[in-house]
Amino acid sequence: MNAKTAATVSAHPYDAEALTHLSDRLLSLEKAQRMAQFFGLLADTNRLRILSLLAERELCVGDIALALGMSESAVSHQLRILKTMRLVSFRRQGRHVFYQLLDQHIFALYQSVAEHLDEEDEP
C-alpha cells in the first residue's frame, strides 16, 4: 500500500464492530470456490432448459430429449452432470429412468432467477 492509499484508508471512517461482524459472516474461500463451481455448472443453456422442464414435473430421458430436440445420449450426459452436482435425482421404472429436481432448494433457486429475469424485462 502506498502512502496516498494508506492516507485514504486511514481517513475513511469505519465501524470496527460492524467490520468484525461482517468478517465473521464472510464466505469462506473453500465455500466460495464450491459455489463458483456450482454456478459455473448452471452456465450451460441445455442444463438450464432441462432444469426448466424438471421444475414443472418429473420426466424420463426420452421425453426431455423430445421436448428439447436433443438426442437421448446428449440429455443423459447433461443429466449425469446435474446428478453429480446433486441438482436432480432419479428413479427407475422398467427400462425408463425418470428425473426430478433433487429438492425444494433447487426449485426455489430456479424460480428466483427466472422471476428476477422476468422483472428485468418489465418496463
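The values are calculated or read from the model by the stated rules, or taken from the named source; none is laboratory data. Worth saying up front: this structure is predicted, and the values here are computed from it rather than measured. Every residue, glycine among them, receives a Cβ derived from its backbone with ideal geometry; neighbour counts consider all protein chains shown. Heavy atoms of the whole protein, side chains included, go into the accessibility calculation; ligands, DNA and RNA do not. Shrake-Rupley method; radii C 1.70, N 1.55, O 1.52, S 1.80 Å.
Return the calculated 222 nm mean residue ellipticity for the chain, to the nearest 500 deg cm²/dmol, obtained by summing -39500 (n - 2.57) across DSSP H runs with n ≥ 4 and dividing by the residue count.
-20000 deg cm²/dmol
The structure shown yields Rg/Rh (Cα atoms, Kirkwood Rh), and of the options [x] 1.06; [y] 0.98; [z] 1.21 that calculated value carries the label [z].
Tell me the carbon and sulfur percent of the accessible area for the chain, rounded to whole percent, probe radius 1.4 Å. Carbon and sulfur: 54 percent of the exposed surface of the chain. Model label points for Asp15 and Gln93, set 7 angstrom from Cα along the Cα-to-Cβ axis, are 5.5 nm apart.
Sites listed here are trypsin sites (Lys or Arg not before Pro) in the range 62-123 whose DSSP assignment is loop and whose Cβ has at most 10 other Cβ atoms within 10 Å: Arg95.
Remark on Cys60: its backbone amide H falls under 5 Å from those of Tyr99, a criterion applied only to residues 5 or more positions apart or on other chains, H modelled at 1.01 Å from N. Find me the longest stretch of the chain that has none of the exposed GluC sites (Glu not before Pro), where exposed means in a DSSP loop (not H, G, I, E or B) with at most 16 other Cβ atoms within 10 Å. Between exposed loop sites, the widest span is 59-123.
For the chain, with a Gaussian network of springs between Cα atoms less than 10 Å apart, report the residue from Val61, Val113, Val88 with the top mean-square fluctuation. The residue that fluctuates most here is Val113. Between 0 and 90 degrees, rounded to the nearest ten: what's the tilt of helix 45-54 against the longest Cα principal axis of the chain? Orientation of helix 45-54: about 70 degrees from the principal axis. Between 0 and 90 degrees, the angle of helix 72-84 with respect to the longest Cα principal axis of the chain falls at about 40 degrees. Rounded to the nearest 10 degrees, the angle from helix 16-25 to the longest Cα principal axis of the chain is 20 degrees. Scanning residues 5 or more positions from Val88 or on other chains, those with amide H under 5 Å from its amide H are Lys83, Leu102, with H placed 1.01 Å from N in the peptide plane. For Met35, the solvent-accessible surface computed with a 1.4 Å probe is close to 80 Å², ligands and nucleic acids excluded.
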